RNA sequence: GGCCCUGUAGUUCAAUGGAUAGAAUAGAAGUUUCCUAAACUUUAGAUCCAGGUUCGAUUCCUGGCAGGGCCA
């Protein structure tokens with residue numbers, strides 16, 4: 001909204017007129033006034049004491065008087081120490097509200113012309129998605145939506161890690177123990193089936209290691225010499241040489257896994273514009289390594305391995321290509337970065353990847369810069385912390401992983417149970433009920449994972465973490481459902497509420513004004529979330545908005561209001577809250593129900 | 001060993017260098033003739049330690065301590 005800018009301009013003029021201090025209006029920061037003081041915006045005067053040669057209270061007092069006289073929108077003020085609290089005329093809030101109502105695109109940025117690629121999810125094809133992937137997927141999806149809302153051209157990409165020794169482990173175990181099992185024959189989701197054989201491999205592999213150790217071998221050596229691991233490595237070689245039998249099995253099993261992933265993605269409501277497969281990109285990086293050698297920015301060690309020296313950048317020497325010519329993780333990423341840029345010449349390329357890869361992405365960016373690539377500068381690692389369990393870190397080998405599909409199903413069951421207990425299911429068809437449970441479950445889960453600052457590690461307690469009360473997704477969804485009921489009733493009464501339906505309203509209740517204040521923040525919040533790439537900013541906003549509305553809802557009756565104009569205003573206010581709740585939740589990838 | 005991240009109520013999370021550090025939950029006490037009580041109101045409770053910069057530090061800097069991660 002313009003209001004803050006207008007006030008900033010007035011303050012700038014006042015500082016000039018009263019104290020001969022020149023401050024650009026853009027430099028004047030207003031903050032929301034704390035609840036315990038009267039006013040909407042607060043200006044801090046401490047920084048100007050030296051230039052003005054006056055105390056902070058004196059400055060505040062003088063500014064306040066000047067503004068009250070010269071600025072139409074300022075109704076009153078009070079000064080507490082160095083804080084000048086400004087009260088805004090109610091008519092000003094009302095005119096802001098009317099503007100918001102008529103601006104259907106409020107909060108959404110103009111086309112910025114900026115292209116941003118967001119890579120997220122990026123699963124391995126040897127096991128199903130788990131809780132950590134959920135944080136990743138929700139973050140990636142939400143950040144994409146937020147960037148779109150800021151006017152950027154966004155491409156969502158998924159880089160599937162579909163090759164490598166881990167895939168061969170699943171394949172080998174399947175060959176060994178599978179007996180031709182398929183997702184259809186056993187009624188197991190494809191990704192879970194592949195995961196099952198990955199676990200079986202590990203079990204059999206461990207047994208072999210134990211046997212070798214029992215026979216007197218060192219453990220480290222046993223790990224390398226166990227027949228199964230040797231076979232897996234051989235299989236990888238065959239795969240790289242296009243051995244038909246191996247490639248066919250690989251295609252078959254990956255096909256199962258993709259079907260499983262598709263189902264999960266659909267269920268959790270995320271999507272992608274473009275898929276990349278490491279099997280198709282892993283060779284490209286080697287060309288970039290050759291290029292670096294030719295340019296002299298990389299070097300070869302006597303054993304033939306290729307390295308880059310990044311000590312000038314505060315990093316170490318880093319291996320880029322093994323002595324046997326096989327690629328490492330970063331080699332592949334160098335290739336993929338180029339491919340991405342060719343497909344979609346981005347200004348920024350965001351990688352939503354866990355924070356254990358922090359070093360990797362520093363190196364990737366530094367290496368590409370050394371090669372002088374135009375796409376190096378735009379690389380940004382959106383790093384997020386692990387999701388821990390009460391028992392500690394999730395470890396797939398120890399079976400402490402929380403499976404994504406199972407978790408979602410548990411959430412849905414919980415949602416059903418809660419809804420039934422509250423007796424809120426009347427009048428729902430079974431299909432509608434099922435949809436509601438899903439909406440609530442995903443709302444709770446997504447909100448829980450997104451409201452936290454991404455870079456912090458977070459704790460997930462399957463029994464306790466997901467609540468439907470308090471600062472949660474369902475709390476916000478509930479607010480929306482309540483408003484939807486009001487709007488249904490208004491429609492039944494044949495009320496058409498637009499800005500003309502309350503044009504004589506010129507005063508309002510405090511809680512109504514607070515709701516408008518929150519509504520007016522939406523634009524700034526979307527912008528801030530975009531700049532920080534932080535869904536948590538949106539989540540906090542949606543919560544504050546819902547809370548402000550609930551307070552209003554509790555204290556003020558709408559349909560018992562005898563003044564038609566005041567009633568219409570409250571309905572319009574409710575409709576606007578529903579709109580921004582819906583929009584901010586959409587930015588988090590969360591749906592809002594009409595009834596619950 | 002080197003580098004990076006994180007330390008805030010019992011617990012899970014907030015706080016562009018600003019006021020008496022906010023919420024939620026668990027605890028205590030209330031609110032249904034009225035639009036959905038998955039709500040609302042009241043209450044109690046915290047910045048890891050020691051320095052420094054600043055009118056002002058949870059925030060920035062230095063040194064510890066604790067947890068986690070990465071690189072060998």
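Does residue A:557 count as out of contact with any strand residue (DSSP E or B) (no Cβ under 8 Å at 6 or more places or on another chain), outside any loop (DSSP other than H, G, I, E, B) and within 12 Å of RNA strand B (Cβ to nearest atom)?
No; evaluated as a whole, the condition is false for this residue.
Suppose we keep only residues that are under 37 Å from the mean Cα position of the chain (by Cα) and exposed (fewer than 12 other Cβ atoms within 10 Å of the Cβ) within the stretch A:1-28. Which one would you say is modelled with the lowest pLDDT?
Across the stretch A:1-28, the extreme among qualifying residues is A:2.
Filter the helices (runs of 4 or more DSSP H) completely within the stretch A:256-344 down to those with at least 3 residues that are surrounded by 16 or more Cβ atoms within 10 Å (Cβ to Cβ) and under 23 Å from the mean Cα position of the chain (by Cα). Write out each step before concluding.
Values: elements: A:278-281, A:284-295, A:329-343.
Because the criterion is at least 3 residues that are surrounded by 16 or more Cβ atoms within 10 Å (Cβ to Cβ) and under 23 Å from the mean Cα position of the chain (by Cα), the helices (runs of 4 or more DSSP H) in the stretch A:256-344 that meet it are A:329-343.
For the stretch A:1-72, which helices (runs of 4 or more DSSP H) that fit wholly inside it have 2 or more residues that are within 16 Å of RNA strand B (Cβ to nearest atom), more than 21 Å from residue A:519 (Cα to Cα) and in contact (Cβ under 8 Å) with a residue 40 or more places away in the chain? Full working, then the answer.
Values: elements: A:3-19, A:49-52, A:56-70.
Here the list reads A:3-19, A:56-70.
Take residue A:304 and tell me if it is on the phi > 0 side of the Ramachandran plot and within 12 Å of RNA strand B (Cβ to nearest atom).
Working: on the phi > 0 side of the Ramachandran plot: yes; within 12 Å of RNA strand B (Cβ to nearest atom): no.
No: the conditions fail for residue A:304.
Need the failing condition index for residue A:547 against (1) within 8 Å of RNA strand B (Cβ to nearest atom); (2) over 30 Å from residue A:429 (Cβ atoms); (3) touching a residue at least 40 places away in the same chain (Cβ under 8 Å), just the number.
Only one criterion is unmet by residue A:547, namely (3).
Within the stretch A:441-463, can you find the residues that are surrounded by fewer than 19 Cβ atoms within 10 Å (Cβ to Cβ) and more than 9 Å from RNA strand B (Cβ to nearest atom)?
A:462, A:463
Any residue in the stretch A:374-392 that is more than 23 Å from the chain's Cα centre (by Cα), surrounded by 13 or more Cβ atoms within 10 Å (Cβ to Cβ) and assigned to a helix (DSSP H, G or I)?
Checked the stretch A:374-392: no residue is more than 23 Å from the chain's Cα centre (by Cα), surrounded by 13 or more Cβ atoms within 10 Å (Cβ to Cβ) and assigned to a helix (DSSP H, G or I).
Residue A:107 versus (1) in a loop (DSSP other than H, G, I, E, B); (2) under 30 Å from residue A:583 (Cβ atoms); (3) in contact with a helix residue (DSSP H, G or I) (Cβ under 8 Å, 6 or more places away or on another chain); (4) within 16 Å of RNA strand B (Cβ to nearest atom): which is the lone unmet condition?
(4)
What are the pairs with Cβ atoms under 7 angstrom where one residue, in the stretch A:488-507, is farther than 12 Å from residue A:570 by Cα and the other, located anywhere, is part of a loop (DSSP other than H, G, I, E, B)? Sequence gap at least six, or different chains.
Hits for this filter: A:489/A:559.
Please determine whether any residue of the stretch A:464-483 is more than 15 Å from residue A:585 (Cβ to Cβ), more than 10 Å from RNA strand B (Cβ to nearest atom) and in contact (Cβ under 8 Å) with a residue 24 or more places away in the chain.
Yes; the residues of the stretch A:464-483 include at least one that is more than 15 Å from residue A:585 (Cβ to Cβ), more than 10 Å from RNA strand B (Cβ to nearest atom) and in contact (Cβ under 8 Å) with a residue 24 or more places away in the chain.
Considering each of A:97, A:83 in turn, give the residue that is touching a helix residue (DSSP H, G or I) at 6+ places or on another chain (Cβ under 9 Å), outside the structural domain of residue A:504 (by TED's automatic domain parsing) and within 16 Å of RNA strand B (Cβ to nearest atom). Explain how you work it out, then say what you get.
Working: A:97 fails: within 16 Å of RNA strand B (Cβ to nearest atom).
One residue alone meets the criteria, A:83.
The values are calculated or read from the model by the stated rules, or taken from the named source; none is laboratory data. Since the model is a prediction, treat every value here as computed from it, not as a measurement. Note that each Cβ is placed from the backbone with ideal geometry, even for glycine, and that neighbours are counted across all protein chains shown.
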